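The values are calculated or read from the model by the stated rules, or taken from the named source; none is laboratory data. In this text, all values refer to a predicted model and were calculated from it rather than measured experimentally. When we count neighbours, we look across all protein chains shown, and the Cβ atoms used for this are built from the backbone with ideal geometry, even at glycine.
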């Protein structure tokens, strides 16, 4: 069964919020491109939300750093999977996104990676644990 989605797009400081129900990939890609270099986020949500499994993929960005998270539901708990750059181990640098500080290892500057992760979620309803763990 093909997943149905909703996609939300918002830019901070511009009072800009858009939601598209049953988007095409081109809608999602357009929102991601509008987000590039800005400050805001895109959320791709499976609709209706499943009882078990991935529920939504979210990217938040500020100052060229991207925070990717995937919310997943099990029988007893909610889990957040996120990007983690193992090559940056031992560094304790924190980066601010919307007033919260995140470990640099949890963020990426690779916009192409963000697009690939969203495309994988759009096509399959999940993201490889090799990318978001």
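Pull up segment 52-62, narrow it to residues that are out of contact with any helix residue (DSSP H, G or I) (no Cβ under 8 Å at 6 or more places or on another chain) and within 15 Å of residue 80 (Cα to Cα), then point me to the one that is surrounded by the most Cβ atoms within 10 Å (Cβ to Cβ).
60
Find the residue count for segment 1-27, including only residues that are at pLDDT 90 or above, outside any strand (DSSP E or B) and either within 21 Å of residue 63 (Cα to Cα) or out of contact with any helix residue (DSSP H, G or I) (no Cβ under 6 Å at 6 or more places or on another chain) (or both).
Here the count works out to 6.
Name the one entry in 39, 128, 82 that is under 11 Å from the mean Cα position of the chain (by Cα), on the phi < 0 side of the Ramachandran plot and either surrounded by fewer than 18 Cβ atoms within 10 Å (Cβ to Cβ) or at pLDDT 95 or above (or both).
Of 39, 128, 82, the one residue that is under 11 Å from the mean Cα position of the chain (by Cα), on the phi < 0 side of the Ramachandran plot and either surrounded by fewer than 18 Cβ atoms within 10 Å (Cβ to Cβ) or at pLDDT 95 or above (or both) is 82.
Could you tell me which residue of segment 86-101 is modelled with the highest pLDDT, considering only residues that are within 29 Å of residue 27 (Cα to Cα), in contact with a strand residue (DSSP E or B) (Cβ under 8 Å, 6 or more places away or on another chain) and surrounded by fewer than 16 Cβ atoms within 10 Å (Cβ to Cβ)?
The extreme case among them is 96.
Any residue in segment 15-40 that's farther than 12 Å from residue 111 by Cβ: show its pairings with residues that are exposed (fewer than 15 other Cβ atoms within 10 Å of the Cβ) and modelled with pLDDT under 95 at Cβ separation under 6 Å, as long as the two are six or more apart or on different chains.
Between residues of segment 15-40 that are farther than 12 Å from residue 111 by Cβ and residues that are exposed (fewer than 15 other Cβ atoms within 10 Å of the Cβ) and modelled with pLDDT under 95, the close pairs are 22/4; 39/12; 40/12.
Please go through segment 122-133 and give me each residue that is in a helix (DSSP H, G or I) and touching a helix residue (DSSP H, G or I) at 6+ places or on another chain (Cβ under 9 Å), ordered by number.
Those that are in a helix (DSSP H, G or I) and touching a helix residue (DSSP H, G or I) at 6+ places or on another chain (Cβ under 9 Å): 122, 123.
Here's a check for you: in segment 1-14, which residue that is closer than 22 Å to residue 126 by Cβ and touching a residue at least 12 places away in the same chain (Cβ under 8 Å) is surrounded by the fewest Cβ atoms within 10 Å (Cβ to Cβ)?
Applying the filter and picking the extreme gives 4.
Filter segment 63-79 down to the residues that are modelled with pLDDT of 90 or more and surrounded by fewer than 16 Cβ atoms within 10 Å (Cβ to Cβ), then identify the one that is farthest from residue 32 (Cα to Cα).
In this case the residue turns out to be 77.
Mind checking whether some residue in segment 72-84 is more than 22 Å from residue 55 (Cβ to Cβ) and without any contact (Cβ under 8 Å) to a residue 12 or more places away in the chain?
Looking through segment 72-84, none of the residues is more than 22 Å from residue 55 (Cβ to Cβ) and without any contact (Cβ under 8 Å) to a residue 12 or more places away in the chain.
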